[in-house]
Amino acid sequence: MTNRENLRQMLLQLDNCSYKGYKDIKGRYKFPNFTLIIDRVQGDPFASPSQLRVQIPQSVADFPPNLYQTRSREIALRDYLTRQFDKVAQELSSRRGTGKSALIAIVQVGQSVVDRTSAFITQEFVEVRFVVGLPARGRSILGRQAVEMLCEDIPEIVDKALKYHYLNQKKIQQQVETVEDADWLRQQLSERGLVAFIPDGAILPRRSGVDDRPLLADAVPFQSPETLRVEFTCPNRGLVTGMGIPRGITLIVGGGYHGKSTLLRAIELGVYNHIPEDGRELVVTHPGAMKIRAEDGRSIASVDISPFINQLPQSRSTRQFSTTNASGSTSQAANIMEALEAEATLLLVDEDTAATNFMIRDRRMQQLIAKDKEPITPFIDKVRQLYTDYGVSTILVMGGSGDYFDVADTVIAMENFLPADVTEKAKAIALANQTERTPEGGETFGQITSRIPLPESIDPSRGQRDVKLKVRDVDEVVFGTEEIDLTAVEQIVERGQLRAIAFAIVYAKEQYINGHRTLPEILDRVMADIESQGLDILSNLPEGDLVLFRRFELAAALNRLRTLKVR
């Protein structure tokens with residue numbers, strides 16, 4: 001193995017040479033306290049940055065084993081190291097050339113603590129993966145600046161971000177304990193008959209729609225109503241109290257701008273852990289939760305939407321319904337059935353993003369348009385059956401229709417971002433003011449069908465030898481010649497999740513999509529492989545920007561592949 005001095009001499013010799021000369025530095029280099037590994041070298045200053053790793057032996061990094069002895073703690077510590085590397089790298093990085101040159105960066109992170117391939121820790125070593133934009137002037141190598149970056153900046157980042165005794169040890173302890181408590185709370189939900197928990201004192205409002213950090217000024221701390229308050233004794237924090245949302249059908253009601261959607265959004269993201277001081281660090285939701293909304297224009301591939309939509313004009317079947325341009329109601333029906341196919345156990349719906357004609361058909365409309373002329377069975381007539389027949393709960397923001405009082409188990413009213421349990425009052429109102437609408441849902445919910453994807457319909461290579469995968473922000477994957485629009489899949493929180501999903505679709509096609517396995521079976525196998533072998537199984541190179549996703553988002557991406565065919 002060559003060392004730092006060898007790397008330094010190589011870079012100086014490459015000064016002012018053609019940029020392609022950087023290819024010669026690929027390899028492993030022994031530094032005094034760590035090993036630098038250059039896995040991939042970019043061919044152009046405007047291309048994707050080069051991929052590098054550092055490995056620091058634990059004799060140098062010196063992280064106590066109790067900080068990573070459990071899966072929860074390990075992920076929390078890896079997240080902390082990723083954030084520290086990012087912080088120090090941003091302080092050191094400055095633009096020394098053109099294109100992506102002079103960049104030292106790690107995967108972008110948000111408020112969530114999730115499993116990423118950016119950092120690993122074992123009893124033997126700490127490994128961190130990152131990218132470097134090798135410096136250039138035009139398309140000529142800036143060798144001396146490359147020496148500064150690789151031989152001086154990276155060792156400084158290692159010293160300041162990846163050695164335990166240099167870091168804030170109290171903050172590390174706080175992070176691993178917070179994440180461990182959140183995971184423990186989430187595991188208790190089913191045992192307590194709950195689908196979500198929001199602790200007293202939580203700060204739910206965010207700074208803006210594009211800034212997920214907590215709103216600090218004028219934010220109202222959350223306080224549970226007494227009738228819904230539950231207690232937990234966490235492993236680290238001890239006694240925690242807050243609002244437990246029970247299984248069944250829960251309505252969140254209230255006036256506009258009083259926090260209904262803010263509460264639901266916190267519940268949506270409660271499937272993930274959050275960093276300390278986020279305000280939602282102990283907000284937890286059952287992992288089977290899926291946000292549902294209308295999605296005009298999406299494609300649908302042979303989905304059985306017959307529980308909601310039947311008797312279409314021209315006698316079109318809805319048991320294997322396909323379209324390239326779904327309406328609001330049809331897309332929402334498909335989104336629900338696809339979530340159920342992927343084995344979701346909790347649906348989250350906000351009337352603001354739902355199709356009105358899918359949610360409710362009141363008595364007056366029933367009298368004007370007879371049922372035999374209306375293909376849509378509204379959600380209000382299916383939500384109870386969904387829970388009775390399949391045990392699937394629903395949390396629904398509903399400020400516009402009191403008809404849902406008849407089917408709700410729990411009704412929570414939000415006023416100035418504080419909840420009140422108004423279940424008894426809502427039930428009394430429903431009893432005193434009968435809607436006289438006729439239920440349209442039949443006796444049972446209907447069948448949940450598992451489809452079989454056909455492998456020939458999934459082609460990321462565009463008929464070429466190389467696979468083309470690209471991600472844009474957190475809402476679009478370029479998969480071969482196709483753009484998969486995931487704008488309406490609202491529980492994707494990091495760009496790296498889309499990268500991992502794109503890799504996972506390719507992996508699923510290569511390993512498990514054979515024209516015989518159902519989609520749930522494919523999801524089971526892919527997620528089991530990742531659980532046992534890690535996200536690295538999805539890629540040939542040690543990628544540093546893959547982030548763990550859930551089975552529901554993988555299914556959502558497959559379902560929005562416009563070339564998808566199933567049977």
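The values are calculated or read from the model by the stated rules, or taken from the named source; none is laboratory data. Just so it is clear, the structure is predicted and the values come from calculations on it, not from any experiment. So basically every Cβ, Gly included, is an ideal-geometry build from the backbone, and we count neighbours across all protein chains shown. We work out accessible area using only protein heavy atoms, side chains counted, and drop any ligands, DNA or RNA first. Shrake-Rupley method; radii C 1.70, N 1.55, O 1.52, S 1.80 Å.
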The condition of being over 30 Å from the mean Cα position of the chain (by Cα) and buried (at least 19 other Cβ atoms within 10 Å of the Cβ) holds, among ILE172, ILE154, only for ILE154
Scanning region 221-250 for residues that are aliphatic (A, V, I, L, M) and more than 25 Å from VAL493 (Cβ to Cβ), the one least open to solvent (accessible area, probe 1.4 Å) turns out to be ILE249
GLN108 vs (1) closer than 30 Å to PHE417 by Cβ; (2) out of contact with any His (no Cβ under 6 Å at 6 or more places or on another chain); (3) surrounded by fewer than 23 Cβ atoms within 10 Å (Cβ to Cβ); (4) at pLDDT 95 or above: all pass except (4)
The correct count of residues that are touching a strand residue (DSSP E or B) at 6+ places or on another chain (Cβ under 7 Å) and either at pLDDT below 95 or surrounded by fewer than 23 Cβ atoms within 10 Å (Cβ to Cβ) (or both) in region 324-336 is 0
A careful count of residues in region 397-412 that are under 28 Å from the mean Cα position of the chain (by Cα) and surrounded by fewer than 22 Cβ atoms within 10 Å (Cβ to Cβ) gives 2
* Quick check: anything in region 38-58 without any contact (Cβ under 8 Å) to a residue 60 or more places away in the chain and charged (D, E, K, R)? -> no
Okay, helices (runs of 4 or more DSSP H) sitting entirely in region 453-567 with 3 or more residues that are surrounded by fewer than 21 Cβ atoms within 10 Å (Cβ to Cβ) and in contact with a helix residue (DSSP H, G or I) (Cβ under 9 Å, 6 or more places away or on another chain), I get 495-511, 519-533
Going through (1) open to solvent by less than 10 Å² (accessible area, probe 1.4 Å); (2) assigned to a loop (DSSP other than H, G, I, E, B); (3) charged (D, E, K, R) one by one, ASP218 fails only at (1)
The helices (runs of 4 or more DSSP H) lying entirely within region 1-102 that contain at least 3 residues which are farther than 30 Å from ASN273 by Cα are 4-13
Does VAL128 satisfy the criteria of being surrounded by 21 or more Cβ atoms within 10 Å (Cβ to Cβ), touching a strand residue (DSSP E or B) at 6+ places or on another chain (Cβ under 9 Å) and not in a helix (DSSP H, G or I)? yes
Checking the structure you have, find out if any residue of region 337-344 is part of a loop (DSSP other than H, G, I, E, B) and not small (Gly, Ala, Ser). yes
Over region 377-396, the set of residues out of contact with any Leu (no Cβ under 7 Å at 6 or more places or on another chain), open to solvent by less than 20 Å² (accessible area, probe 1.4 Å) and either β-branched (Val, Ile, Thr) or part of a loop (DSSP other than H, G, I, E, B) (or both) is THR377, PRO378, ILE380, LYS382, VAL383
Within region 298-313, is there a residue that is under 18 Å from the mean Cα position of the chain (by Cα), assigned to a strand (DSSP E or B) and not charged (D, E, K, R)? no
### Query
Would it be correct to say that ASN310 is over 23 Å from GLU483 (Cβ atoms), open to solvent by 30 Å² or more (accessible area, probe 1.4 Å) and touching a residue at least 12 places away in the same chain (Cβ under 8 Å)?
yes
Test for ASP183: is it modelled with pLDDT of 95 or more, open to solvent by less than 40 Å² (accessible area, probe 1.4 Å) and within 19 Å of the chain's Cα centre (by Cα):
yes
